[in-house]
Amino acid sequence: MAVLGAGLSGAAAALLLKSQGANVTVLDSAEEKQLLKSTVDNLRGQNIEVICGPAADSDSRKYDFVVSSPGIDPESPLARNFSSRGIEIIGELELGWRSINVPVIAVTGTNGKTTTTELLAQMLNACGQKTIACGNIGKPLSEVAREGKQFDVLTVEVSSFQLETIKTFRPAIAIWLNFAPDHLDRYRSVSEYRAAKLRVFENQTKEDVAIVNAIEDLPELSARRINFSAYTDRADFRLVEGSIVYHDKPVLRLAEAKLRGSHNIENLMATLAAGTCRGLSFEEMVPSLLAYEPQPHRCEFVRQVGGADYINDSKATNLDAVEKALLAQTKPVILIAGGKDKGFDFKPLRELVKQKVKSSILIGEIARRIEDDWRGAVKSEIALSLADAVERAHASAKTGDVVLFSPGTSSFDMFKSYADRGDQFRELVRALPK
Ligand code: UMA
């Protein structure tokens, strides 16, 4: 069998297949020196062949089937080498699913997946239902399957990339948080991205549950449906006078929670809904939700310098996330944005930027395009690096301003990941003179 990609997912899939007695080859288009040495050594140490670079893209051997990593585009030369020969390709998520025997809660949506997955896992464990947060959040499902630990339920963050290559994946509970354009460097259109995400419901039956945002116009679903929304009253979970209300019963007072913003209210609603499906009462669930601390890189307050607040929102990798971060601001904003050019059009943010942002500092390969898209709405300047951007923000920030780093796109043109980008921002801000 072949596994495409030698990152987290590929390594986990290869080790799972090996533990099941298969003969495994891992193929990766990158040169070996670009891969993590410890991963390659570990695979080879388990008698797994690793082929890198052009030799991987042109490997002409026949395999029974191929497992692909989520980051590999089905149209890439590596994937086409197998699909064009009619060799079956499944994704790492599907492989992991076939090797477990525990119900799955799948969490998808453009934004809030990671927070909701963490909230849910923390809450279930606190209520005595043993679970683990896995999938797109960082620990591949195949790794959980190989480790073979006992769980009552698995809490799996699923991305559109992973859903593209499912066949039988059937979550007992599927959560659809929200939808907004993203990943336009991978998909030809927004509807193609949406179609990939909608596959989360594909194998569900009436015995399963779909927990969906009430304002989403979703197709008919086979699963039983529970709705939530912070914006409409036509939902099972809704917002009434500062509390989350289930039908007519107030269940959680938001002033007591550490999470802020309408998007987080919806994340809490979806989590409560999943808990009820697992047989939990609100009294059992609420204490751990109130104790939940927001994670780094998501509107994380870093420090106040010269009377201005500095906020790290590096996790904002699409426009919808920037919009949510801007809506949550009550002070004049100096916005640092930009990064990889994922094909986004930043014009939809023009009005909000005009209202909230006093100046923008743009970085990365998409900087000039954002400058064009916001011309006339806000004064923009282009920085040569993140360090340069932070210095420029510091030079212009006044008491009462907020310097918000909410990039609106991915980090891969300049950083290893959004976390690396956010860590660097935090360090730069900590190093600023008072
Ligand atoms: N590669 C090729 N050929 C290609 C493209 C990539 O060989 O054409 C190779 C690369 O050289 C690299 C490997 O594939 O060695 C990387 O595979 P990958 O991109 O699938 O990355 P993994 O390390 O396996 O991480 C993946 C997810 N990455 C992506 O979906 C891009 C991780 O989500 C996830 O945490 C991990 O599996 C465990 O499940 C990250 C992500 O950015 C956080 N996800 C996107 C998002 O959240 O928006 C979807």
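The values are calculated or read from the model by the stated rules, or taken from the named source; none is laboratory data. Keep in mind it's a predicted model, so treat the numbers as computed, not measured. A quick note on method: Cβ atoms are made from the backbone with ideal geometry, for glycine too, and the neighbour counts reach across all protein chains shown.
Remarks
- Selection status of Ala316, touching a Gly at 6+ places or on another chain (Cβ under 9 Å), on the phi < 0 side of the Ramachandran plot and not in a helix (DSSP H, G or I): yes
This table checks each residue for (1) under 24 Å from Val286 (Cβ atoms); (2) away from the ligand (no atom under 12 Å from the Cβ); (3) without any contact (Cβ under 8 Å) to a residue 60 or more places away in the chain.
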residue	(1), (2), (3)
Thr114	yes, no, no
Leu120	yes, yes, no
Gly135	no, no, yes
Phe151	yes, yes, yes
Leu154	yes, yes, yes
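- Within segment 36-57, considering residues that are in a loop (DSSP other than H, G, I, E, B) and at pLDDT 95 or above, the one farthest from the ligand (Cβ to nearest atom): Asn47
- Taken over segment 110-160, the criterion of being part of a loop (DSSP other than H, G, I, E, B) and over 15 Å from the mean Cα position of the chain (by Cα) is satisfied by Cys127, Gly128, Gln129, Lys130, Thr131, Ile132, Gly148, Lys149, Gln150, Phe151, Asp152, Val153.
- In segment 326-348, of all residues being of a type in the set (A, V, I, L, M) and outside any strand (DSSP E or B), the one that is modelled with the lowest pLDDT corresponds to Ala328.
- Filtering segment 254-265 for residues that are buried (at least 20 other Cβ atoms within 10 Å of the Cβ), closer than 21 Å to Val209 by Cβ and at pLDDT below 95 leaves a non-empty set.
- Boolean, Pro70 is exposed (fewer than 15 other Cβ atoms within 10 Å of the Cβ) and near the ligand (Cβ under 9 Å from one of its atoms): no
- Picking from residues in segment 138-159 that are of a type outside the set (A, V, I, L, M) and buried (at least 24 other Cβ atoms within 10 Å of the Cβ), the one that is farthest from Ser99 (Cα to Cα) is Glu157.
- Within segment 384-417, tally of residues that are under 25 Å from the mean Cα position of the chain (by Cα) and buried (at least 21 other Cβ atoms within 10 Å of the Cβ): 11
- Checking Asp217 against (1) under 30 Å from Pro74 (Cα atoms); (2) at pLDDT 95 or above; (3) in a loop (DSSP other than H, G, I, E, B), the condition it does not meet: (2)
- Where Ile370 falls short, out of the listed (1) touching a residue at least 60 places away in the same chain (Cβ under 8 Å); (2) of a type in the set (A, V, I, L, M, F, W, C); (3) crowded, with 24+ Cβ neighbours inside 10 Å: (1)
- Candidates Ala419, Ala395 - the one that is assigned to a helix (DSSP H, G or I) and either within 22 Å of Gly306 (Cα to Cα) or free of Cβ contacts under 8 Å to residues at least 24 places away in the same chain (or both): Ala395
- Restricting the first member to segment 1-22 and to residues that are touching a residue at least 40 places away in the same chain (Cβ under 8 Å) and assigned by TED's automatic domain parsing to the domain that holds Lys37, and the second to residues that are among the basic types (Lys, Arg) and within 15 Å of the ligand (Cβ to nearest atom), the beta-carbon pairs closer than 9 Å and six or more apart or on different chains are Leu8/Lys139; Ala12/Lys139; Ala12/Arg146; Leu15/Arg146; Leu16/Arg146; Ser19/Arg146; Gln20/Arg146.
- If you go through segment 4-21 and keep only what is of a type in the set (A, V, I, L, M), assigned to a helix (DSSP H, G or I) and over 18 Å from Ser417 (Cα atoms), you end up with Ala11, Ala12, Ala13, Ala14, Leu15, Leu16, Leu17.
- Selection count where residues are in contact (Cβ under 8 Å) with a residue 12 or more places away in the chain and more than 8 Å from the ligand (Cβ to nearest atom), scope segment 137-148: 5
- Residues of segment 347-357 that are surrounded by 17 or more Cβ atoms within 10 Å (Cβ to Cβ) and out of contact with any Asp or Glu (no Cβ under 7 Å at 6 or more places or on another chain): Val353, Lys356, Val357.
Results for (1) assigned to a strand (DSSP E or B); (2) of a type outside the set (Ser, Thr, Tyr); (3) on the phi < 0 side of the Ramachandran plot; (4) not assigned by TED's automatic domain parsing to the domain that holds Lys324, shown as yes or no for each residue.
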residue: Arg225; (1), (2), (3), (4): yes, yes, yes, yes
residue: Tyr231; (1), (2), (3), (4): no, no, yes, yes
residue: Val251; (1), (2), (3), (4): yes, yes, yes, yes
residue: Ala273; (1), (2), (3), (4): no, yes, yes, yes
